[in-house]
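I have placed the structure first, in the form of structure tokens, so that the comments after it can refer back to it.
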Amino acid sequence: MPRLTTIRCHRGRLRAGGIVITLLIIVLLLVTWIHNNPNVKPSVTFSLIGTSIRLPSKVISNLYLYPPLKVVDLEEFPEVGPCRIQKIIHQTWITENIPKQFQPWVLSFHKNHPEFMYTFWTDNTTRKFISDRYPYLISTYDNYGENIRRADAMRYMVLYEYGGVYADLDMHSLNPLDPIMRKYSCFLAQEPLEHPMLDDNLDKLVINALMACRKRHPFMKILIDRLPLFSTMSFVLDSTGPHFVNLHYEIYVEQRKYRSVLDEDGVYLAPPEYFFPTLDPDKYRFFFKRCASFDSLKERQKLACVSLYRRGLDRRPLPYSFTNHVWFHTYFTFDRNKTFNVFQDIPSSHVYVNGALKLVKYLVK
């Protein structure tokens, strides 16, 4: 009998060991697959954990105590008439050879805006432009520690100088921008409300991945003039990025509180549903961790957790969304051997040469 017990225990250990080995093999295969597919966002693996925020049962039983975050419906836009913002799309990268991942998103803007001038800025043309038009800022620009700060700064100068729409390369155009450009002389986008509410207990956060203003708009001039003062701040978001824009937007709105956003110098903050309808998958883990300590959160953060519980994490653009942000962060891996030339894909591209924007096809010999 002891012999039989020993055999059973031995077989049990073998089965347990086999399960462990199988799990290790699965994990190894998953890690290998991710390594061999660098274009896939690391956050994709988080779907294994689930996409439902967990809340205390007492909260779930009393959801009526937490008013839902408003999902804004599409407002009325003029169906005809001239655009109040110049029909120019501005995008930028190190050179004109862009990582292949961005190709469909870049082309989506050209497809939805065939009558717009498409202008592409490289590091070289951007620096030349700033040296020509803003020589007093070239030192600030050159002394930035990260390229992202230079990319932030250039968009404010380009929009002030030429007007139009600036879009990061991971912005996906879903609908033409003409309707909103007919109504407003300047509009900004904001992140999904849950982002700033859980990150910093803020009610909103202006994001500069997409912004549009008429030429010589005073708000862009304010951003440009404040760049040197904020240039030494250690955190890029505070120095040139969304926190920087958010701060100056709030000051600007307060100074203009008795004036309409529809006038020539107005700035309209669009609801998240227009331009940033989906959540950043890279924040999922943070959301789970933050909402797990629900009772210790501030009231605004609790509202965000309940919103995530109600609406889920895996969201989709709405039929009226103008764009969607793909949330392709700069720290993701790029395959440098797979690129596309934006000038070949969009022959009507314009570049900054000899102090002016010129059609690229006339510059290619």
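Values quoted throughout were computed directly from the atomic coordinates according to the rules given, and no laboratory measurement underlies them. All values reported here derive from a predicted model rather than from experimental measurement. Cβ atoms come from the backbone with ideal geometry, glycine included; neighbour counts cover every protein chain shown.
Observations on the model:
- Calculated over the range 107-191, the projected area of the Cα convex hull averaged across directions stands at 6.6 nm².
- Between amide H atoms placed 1.01 Å from N, distances below 5 Å from residue 269 occur with 188, all of them 5 or more places distant or on a separate chain.
- Interchain or long-range residues, amide H under 5 Å from residue 340's placed H: 98, 100
- GluC sites (Glu not before Pro) restricted to DSSP loop in the range 140-195 with at most 16 other C-beta within 10 Å: 146
- Around residue 230: net Lys/Arg minus Asp/Glu count, Cβ-Cβ under 13 Å: -1
- Under a 5 Å amide H cut-off, with hydrogens placed 1.01 Å from N, residue 202 pairs with 197 among residues at least 5 apart or on other chains.
- Taking every Cα-Cα distance in the range 294-365 and sorting them into 5 Å bins starting at zero, the pair-distance distribution P(r) comes out as 3, 10, 10, 10, 12, 14, 12, 6, 7, 8, 5, 2, 1, 0 percent.
- Applying D = kT/(6 pi eta Rh) to the range 47-101, where Rh is the Kirkwood radius over alpha-carbon pairs, T corresponds to 4 °C and eta to 1.567 mPa s, the Stokes-Einstein value obtained is 71 µm²/s.
- Links that overshoot a 28 Å alpha carbon limit, given the list 215/338; 111/257; 128/221; 204/257: 215/338; 111/257
- Cβ-based net charge around residue 193, under 15 Å, with every Lys or Arg adding one and every Asp or Glu removing one: +2
- Per-residue ³J(HN,Hα) for the range 86-99, Karplus 6.51 cos²θ - 1.76 cosθ + 1.60, θ = phi - 60°, Hz, x for Gly and Pro: 4, 7, 9, 10, 10, 9, 8, 7, 4, 9, 6, 8, 9, x
- Local charge for residue 159 was computed over the other residues whose Cβ lies under 11 Å away, with Lys and Arg +1 and Asp and Glu -1, and equals +4.
- In the range 155-230, the chymotrypsin sites (Phe, Trp or Tyr not before Pro) that fall in loop regions by DSSP, at most 11 other Cβ within 10 Å: none
- Excluding same-chain neighbours fewer than eight residues apart, the lysines reachable from residue 58 by a Cα-Cα span under 21 Å are 289, 298, 302.
- Checking every one of the trypsin sites (Lys or Arg not before Pro) in the range 186-251 against DSSP loop status and a limit of 15 other Cβ atoms within 10 Å picks out 215, 216.
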